[in-house]
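Only one structure is covered here, and it is reproduced in the block below.
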Amino acid sequence: MKYLILLFILVCSSVPIFSKPELYMNEEIGLKTDTIFPSEYEKYVSIYNIGNDDLVISAIYASCGCTTFTISKDTIPPNDSAALFVKINLSTASGDKQNHVYLTSNDTKSPKTDVLINVFVYRDLLSKPQKLPSFSNVETGSIITYNIVLLNSSKQDIEIQNPESADNSSFEVVSLLPLDKIIPKKSSREYEIKIKLSPKKLILSKMIIRTNSKSVPKLEYSVMVRCKK
């Protein structure tokens with residue numbers, strides 16, 4: 001009988017009574033801020049299972065629609081890891097940005113994990129407004145005027161080129177005033193841009209201003225005009 005009891009104890013001691021997964025990430029995540037130019041930002045985050053049972057990632061979602069993600073595997077065995085790939089579209093952003101990716105798992109201690117990604121988007125050329133106003137009930141073939149202010153925050157002069165139409169069948173750029181395309185360092189300049197619409201009833205296109213700025217090589221503006229029927 002005592003041998004059966006001893007065998008039972010040995011079997012029980014070899015099997016973890018409290019099997020549970022435990023999610024772990026590098027502590028530097030969320031503390032470090034990456035500085036980038038306006039672009040699509042990509043980051044890999046390692047997700048570790050330091051528990052003694054399979055870690056199952058049941059859901060992943062982000063705080064912003066600008067963020068996409070994939071994970072190499074959603075079931076992570078003990079003492080193993082998975083790679084979380086995060087891509088954030090920061091092409092129109094500037095300054096400090098915080099993005100969250102949330103993981104839901106069977107980790108009973110922390111069933112919801114917040115992957116915090118801090119980014120500073122450096123942009124030495126800003127446009128005000130960032131978006132052009134839309135127009136409606138306009139005569140086809142009309143000339144429309146936009147006014148923008150470009151702010152140069154860098155220590156060097158920035159030169160812009162004449163605005164371009166991304167689709168010449170929608171509109172053409174008539175003029176840019178003033179003619180001086182140099183924006184001195186640490187200053188701003190206001191511009192008046194005139195475009196001539198095509199005979200289309202609906203104009204959906206982009207206007208592009210190219211620059212010699214390293215962080216903002218071009219400015220893009222959506223052009224939306226509904227013409228009279």
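For the stretch 89-100, check the following and say yes or no: at least one residue is assigned to a strand (DSSP E or B) and within 21 Å of residue 21 (Cβ to Cβ).
Going through the stretch 89-100, the residues assigned to a strand (DSSP E or B) turn out to be 89, 95-100.
If we keep only those that are within 21 Å of residue 21 (Cβ to Cβ) as well, we get none.
Checking the stretch 89-100: not a single residue is assigned to a strand (DSSP E or B) and within 21 Å of residue 21 (Cβ to Cβ).
Got a sec? Which of 176, 204, 150 is surrounded by fewer than 14 Cβ atoms within 10 Å (Cβ to Cβ) and either among the aromatic types (Phe, Trp, Tyr) or not in a loop (DSSP other than H, G, I, E, B) (or both)? Please lay out each step first, then the result.
On the way: 176 fails: surrounded by fewer than 14 Cβ atoms within 10 Å (Cβ to Cβ); 150 fails: surrounded by fewer than 14 Cβ atoms within 10 Å (Cβ to Cβ).
That would be 204, the only listed residue that is surrounded by fewer than 14 Cβ atoms within 10 Å (Cβ to Cβ) and either among the aromatic types (Phe, Trp, Tyr) or not in a loop (DSSP other than H, G, I, E, B) (or both).
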remark   = Of (1) modelled with pLDDT under 90; (2) closer than 30 Å to residue 153 by Cβ, residue 86 satisfies every one except (1)
Matching residues, the stretch 62-78, being small (Gly, Ala, Ser) and either over 24 Å from the mean Cα position of the chain (by Cα) or surrounded by 13 or more Cβ atoms within 10 Å (Cβ to Cβ) (or both) = 62, 63, 72
ask   = When residue 201 is evaluated against the numbered criteria (1) within 24 Å of residue 40 (Cα to Cα); (2) of a type outside the set (Ser, Thr, Tyr); (3) at pLDDT below 95, which criterion, by number, is the only one it fails?
value = (1)
query = What is the number of the single condition among (1) farther than 12 Å from residue 125 by Cβ; (2) touching a residue at least 40 places away in the same chain (Cβ under 8 Å); (3) among the acidic types (Asp, Glu) that residue 159 does not meet?
reply = (1)
request  = Pairs only if they're at least six apart or on different chains, beta carbon under 9 angstrom, first in the stretch 103-114 and within 15 Å of residue 69 (Cβ to Cβ), second surrounded by fewer than 16 Cβ atoms within 10 Å (Cβ to Cβ) and of a type in the set (Lys, Arg); list them, first residue then second.
outcome  = 103/112; 104/112; 105/112
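Could you list, in sequence order, the residues of the stretch 79-112 that are more than 24 Å from residue 40 (Cβ to Cβ) and either in contact with a Ser or Thr (Cβ under 9 Å, 6 or more places away or on another chain) or crowded, with 16+ Cβ neighbours inside 10 Å (or both)?
At the first step, the residues of the stretch 79-112 found to be more than 24 Å from residue 40 (Cβ to Cβ) are 79-81, 104-112.
If the condition is that a residue be more than 24 Å from residue 40 (Cβ to Cβ) and either in contact with a Ser or Thr (Cβ under 9 Å, 6 or more places away or on another chain) or crowded, with 16+ Cβ neighbours inside 10 Å (or both), then 81, 104, 105, 106, 107, 111, 112 are the ones that fit.
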query = Within the stretch 179-193, can you find the residues that are loosely packed, with under 15 Cβ neighbours inside 10 Å and within 21 Å of residue 225 (Cα to Cα)?
reply = 192
ask   = Taking the stretch 36-61 on its own, how many of its residues are within 19 Å of the chain's Cα centre (by Cα), modelled with pLDDT of 90 or more and hydroxyl-bearing (Ser, Thr, Tyr)?
value = 3
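The values are calculated or read from the model by the stated rules, or taken from the named source; none is laboratory data. Treat the numbers as computed from the prediction; the structure is a model and nothing was measured. Heads up, the Cβs are rebuilt from the backbone with ideal geometry, glycines too, and the neighbour counts pull from every protein chain shown.
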